[in-house]
Structure formats: C-alpha cells, structure tokens
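Read the structure below first, then the notes.
The values are calculated or read from the model by the stated rules, or taken from the named source; none is laboratory data. Keep in mind the model is a prediction, meaning the values are calculated, not measured. Positions of Cβ are backbone-derived with ideal geometry, glycine not excepted, and every protein chain shown enters the neighbour counts. When the accessible area is computed, the model is the full protein with side chains, heavy atoms only, and any ligands, DNA or RNA have been set aside. Shrake-Rupley method; radii C 1.70, N 1.55, O 1.52, S 1.80 Å.
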Amino acid sequence: MKRLVDVCVLLVVAAAIVLRFQPRSSLPPSGSLAALTAERDTAWADLRRAAVPVGGRGGLVSIVVFNDLECPFCAILHAHLREEVQRNPITLSVEHVHFPIAGHRFAIPAAIALECTRTHGVYGQMLDTLFSRQARYGLESFTSLARSVGVRDTAAFSHCTDTLKIETSRIERNRLLGLRLRVRATPTIYIDGWRLSRPPSQEELAKAIQRVSRGQAPTG
C-alpha cells in the first residue's frame, strides 16, 4: 500500500511540474492583476519578420501579439486592439504571430484555416471571424467561415487546409520563435519592442499606446 501511495504522489508531482511549464492561455481576474510592467526585447526585429499585419495601417506604434486561436483571452485582447485601431488607424498597426497551445483541440486547425486565407487577401478578416466565432468551433466548418469573409475559391481553400504541412509552416516557425523567447502564455503582447509582463486591460492598453506614441516606455 505504501508503495502505491508513493507512486501516486510522484504522479501528482510530475503532473504539477508539467502544468507549471506548459504554455497556457492566461489572463488573471482583474482583482488579482499584478502591476503591468514592460521590458525591452532584443528579438523585436525577428518578431516583425515573423508577424503578419492584421489591422491598422500606421507605423508610429506597432503591436505584435502571440495568439492561440482557441484562447478566450486572446479573443478579448483582439477585440480591444480592434477598438484601438478604429480610434488610431493612421498611427497604429497590429500584427499576429501563431502560438497554438497544446491541449486546445481547435488551435492548430484554426491556425491552418487562417494561413490558408492569406493568398485570398482576407487574413485580417479571417482572424477577426475566428476570434468572434470561437464558441462555434466544431459546429461550423472553417470553410464556411472562410466563405463568410470573402474567400470565393473554397475548393482551393479546402485543398490548402487538407495539404498544409504543419512542420514546415509559418505556424510551426512562429511556435518555435515563441519557445525561443520563452513565451509561457497567450496572449503575449509586444509594443514597439517592449514586452508587457501580462495582457493589459483595455484602459492599460490605451495608455500604453499613448505613451509609446510620445516616445515613452509603455508603462511607468
């Protein structure tokens, strides 16, 4: 019996260690948020090369986000970013980097669907739709979502989703970049080379953009 108990304890400890270091979707309740901080990241140039523009047309303030397309907190942040783009379309640009989380059933299929809209010119619209329709994953096809954002050649889209090799795709390159940068949770957000310590609230996001547009650090 003692041996069985010891084995169970070891299994519990091992599971706790795995969960501790596995990337996850993360946004603490508002009452438990630690102070938002930011630090410079020397990999900013690598991030910009890896990212795909999805909103805004400005260059004064650039935001890059590591997203998991099944992550509800990524969807919340994306909605906040869309509002900021509407307010600052000329000064702000938003860019997406894939970081699918293990254990999210639809994260990779959704990422593949997004990638397969790129040649159709509706990448940003598809990202908006995927985030807004997360609750419908598995209930409606990604092909129908692609059609809803303007993909006319759905046969080509379906062929792409069926044949895209994940191991050589942008999705995997983005994921490996995230691991190299020690991304532990989604969303992870960068503003003009500054990595934020956690996802910002809508008010914090607006203040950070304003500060960076004035040449200041996003927090302080």
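Points to keep in mind about this one:
- Taking every protein chain into account, the 1.4 Å probe leaves residue 128 with about 40 Å² of accessible area, to the nearest ten.
- Solvent-accessible area per residue for the chain (1.4 angstrom probe, square angstrom): 54
- Computed from the C-beta positions of residue 40 and residue 79, the FRET efficiency with R₀ = 22 Å rounds to 0.20.
- Share of carbon and sulfur in the accessible heavy-atom surface of the range 107-176 [1.4 Å probe, %]: 51
- The helix-only estimate of mean residue ellipticity at 222 nm for the chain, built from DSSP H runs of length n ≥ 4 each weighted as -39500 (n - 2.57), is -14000 deg cm²/dmol after division by the residue total.
- The charge dipole of the chain, taken about its Cα centre with unit charges on the Cβ of Lys, Arg, Asp and Glu (plus for the first two, minus for the last two), comes to roughly 360 debye.
- Ranked by the mean number of other Cβ atoms within 10 Å per residue, highest first, peptides 162-174, 201-213 order as 201-213, 162-174.
- Its Kirkwood hydrodynamic radius, worked out from the mean inverse distance over all distinct Cα pairs, puts the range 117-220 at 16.5 Å.
- Kyte-Doolittle at least -1.0, axis length at least 20 Å by Cα - qualifying DSSP helices, the chain: 2-21, 72-87
- Only Lys, Arg (+1) and Asp, Glu (-1) charged, at Cβ; the range 97-220 dipole about Cα centre in debye: 400
- Computed lengthening from residue 162 to residue 33, 0.36 nm per intervening residue step minus Cα-Cα distance: 42.3 nm
- Options 33, 71, 160, ranked by Cα towards positive dipole end of the chain, top entry (Cβ charges): 33
- Over the chain: Rg over Rh, Cα atoms, Kirkwood Rh: 1.02
- Volume per residue of the convex hull around the Cα atoms, evaluated for the range 35-107, comes out as 121 Å³.
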